[in-house]
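**Student:** Before I ask anything, let me first share the structure, which is written out below as structure tokens.
Rule-based calculations on the coordinates, nothing more; no lab input. Predicted, not measured: the structure shown is a model, and the values here were computed from it. Note that each Cβ is placed from the backbone with ideal geometry, even for glycine, and that neighbours are counted across all protein chains shown.
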Amino acid sequence: MLNDLKWALVRAPRSFEGWSLDRNWHRLEAQRLIKSGEYLAAEEHLKQAVKESDEQKFSAPKRVRLRLELAEIQRRLAFPGSTEATTGTADPARLLQAEQTIRAAILIAAQASAADAYCQCLDALTEIFGDQRNFPAMEKAAEEAIRLGSGLAHPDQLRMARRVHWLGVARFNNGRLEEAIAPLEKSLALHEANYGPDHLITAARLSEIGRIYHAQGDHQKAQECLRRSLRVHSAEYGPDSPRAVADLTALASSYEQSGNLEAAAAEYERALMLKHRKLGVFNLDEVAEMQFSLALVYMEWKNFSRARELMSECIATFRRAGGPRLAVAFETQAQLEEQSGRYFDAVRDLEFAGTAWRKCGRYAELIHNMEYRADLLSQLRKTREANWLREQAAAIAEETGMRNAATA
């Protein structure tokens, strides 16, 4: 009997430590709140769980784990109104809070020489740097995580796949496209091997690498990746979901830039229809920008009636905010009218564009606009109006030149 009691006294503290993390009330309550989307309340409970773990002297890996869970909630809170992190505009203060939580975890892992926990902290820090768009720091963190992770006794292949992916994304955003492709292709192969070709995580990687191929000008590979990601995202979330429409828009853009205007127009029209179907989800500006892109395709295709219709719709949206987008849209519509032989309409649209350039203080563009308008008026034998415009353009050029010289 005494031996049993001694055994219990010796073993109980270690059992209790494991139980205290997995059954900690604050942590369990946080997990429940996370499932219901109550992140603010979950954050407070995780803060309490972290405090208790320090007071009760939990092991370093468990203290790190709680801090990483807290940092992930803080990261989610950095994207208000979103169901997942990295969607929408981030709150810098919240991201900094998450970063500080992770750095505290890194210090604990380093002091305890807990290599695996240290690598997990680097993974979390890499993602935070990506959210902050601090891509040089993201690249360094990913490289360090890959180096340390590969030296572990039992490297986690899925974690390694994510690290390689982050490295490729960071290099791409740091302007090194050629260096980005190799790690991204390796990451894609690792994800396909571990998850399968039709998994959502694989689709996300396909979507990202497709856009990078697009930026690099390798449209054949871009279109192959984007078609695959579009198929998975459409099947999982629906063809009118944000992810599927984003893939479709990128695919249409790749078709356009590779010269396949018929395929580009078809995909743009399809994406436009899907976006119109869910205007409550999508930003009207996104629809207008897509209408503008599609109008350019139709202009090149000489389908002026459809191009005119699309330009009219996107201009109606751009009018709300004004600025350079509105001016460019009016000038593009003027080019459309000029190509259609409707010169007076072209002059009118250029005048609208000139007003927009003047309102946003873009005088170099305004001068170019006035000279373009004067050339059209000359062709219409409106010599007096053309000469007046040229004089006005010269006066603005002189005035802005003197102003710039005074400022310098």
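**Student:** Starting from the Kirkwood Rh over alpha-carbon pairs, what translational D in µm² s⁻¹ does the chain have by Stokes-Einstein at 10 °C and 1.306 mPa s?
**Tutor:** It comes out at roughly 62 µm²/s.
**Student:** Could you list SER53, SER254 in order of exposure, starting from the residue whose Cβ has the fewest other Cβ atoms within 10 Å?
**Tutor:** SER53, SER254
**Student:** Estimate the FRET efficiency between GLU300 and GLN111 by the formula 1/(1 + (r/R0)^6), using the beta-carbon distance for r and 60 Å for R0, to the nearest 0.05.
**Tutor:** Calculated transfer efficiency: 0.45.
**Student:** Between ALA182 and LEU284, how high is the FRET efficiency from 1/(1 + (r/R0)^6) when r is the Cβ-Cβ distance and R₀ = 30 Å? Nearest 0.05.
**Tutor:** Using R0 = 30 Å, I get an efficiency of 0.15.
**Student:** For THR383 and LEU200, compute 0.36 nm times the residue count separating them, minus their Cα-Cα distance, and round to one decimal in nm.
**Tutor:** Difference between extended and current length: 59.6 nm.
**Student:** Here's something else I'd like to know. Per residue of the range 126-135, in order, report the coupling 6.51 cos²θ - 1.76 cosθ + 1.60 (Karplus, θ = phi - 60°) as ³J(HN,Hα) in whole Hz, putting x for Gly and Pro.
**Tutor:** 4, 5, 4, 4, x, 4, 7, 6, 9, 6
**Student:** Based on the alpha carbons, how large is the Rg to Rh ratio for the range 320-408 when Rh follows Kirkwood?
**Tutor:** Reported Rg/Rh, Kirkwood definition of Rh: 1.02.
**Student:** Taking neighbour counts of Cβ atoms within 10 Å as a proxy for exposure, in what order, fewest first, do VAL328, VAL169 appear?
**Tutor:** Least crowded to most crowded, the residues run VAL328, VAL169.
**Student:** Provide the per-residue ³J(HN,Hα) series for the range 178-189, in order, calculated from phi with Karplus coefficients 6.51, -1.76, 1.60 and θ = phi - 60°, each as a whole number of Hz, with x at glycine and proline positions.
**Tutor:** Whole-Hz 3J(HN,Hα) from phi for the range 178-189: 4, 6, 6, 5, 4, x, 5, 5, 5, 4, 4, 4.
**Student:** When a/c is below 1.5 the answer is rounded, else prolate if a/b is larger than b/c, else oblate, so apply that to the range 109-166 with a ≥ b ≥ c taken from the square roots of the Cα gyration tensor eigenvalues.
**Tutor:** Because a/c hits 1.5 or more and a/b fails to exceed b/c, the range 109-166 counts as oblate.
**Student:** Just want to confirm a number: the relative contact order over the chain, from Cα pairs under 8 angstrom separated by 6+ residues, in percent.
**Tutor:** Worked out over the chain, it gives 5 percent.
**Student:** Tell me, what ³J(HN,Hα) does each residue in the range 147-156 have, in order and in whole Hz, if you take phi through Karplus 6.51 cos²θ - 1.76 cosθ + 1.60 with θ = phi - 60° and put x for Gly and Pro?
**Tutor:** Rounded to whole hertz, the list is 4, 6, x, 5, x, 5, 4, 10, x, 7.
**Student:** Among 313-325, 208-220, how do they line up from the highest to the lowest mean number of other beta-carbon atoms within 10 Å?
**Tutor:** Ranking the peptides 313-325, 208-220 by packing returns 208-220, 313-325.
**Student:** How do ARG76, ARG306 line up, fewest other C-beta atoms within 10 Å first?
**Tutor:** With the sparsest Cβ surroundings first, the list reads ARG306, ARG76.
**Student:** What does the charge count around ALA114 come to, taking other residues whose C-beta lies under 13 Å from its C-beta (Lys +1, Arg +1, Asp -1, Glu -1)?
**Tutor:** Combined, the nearby Lys, Arg, Asp and Glu give +3.
**Student:** On to the next question. Describe numerically, in nm with one decimal, the distance between label points set 7 Å from Cα along Cα→Cβ at THR355 and at THR89.
**Tutor:** Here the answer is 2.8 nm between the modelled labels.
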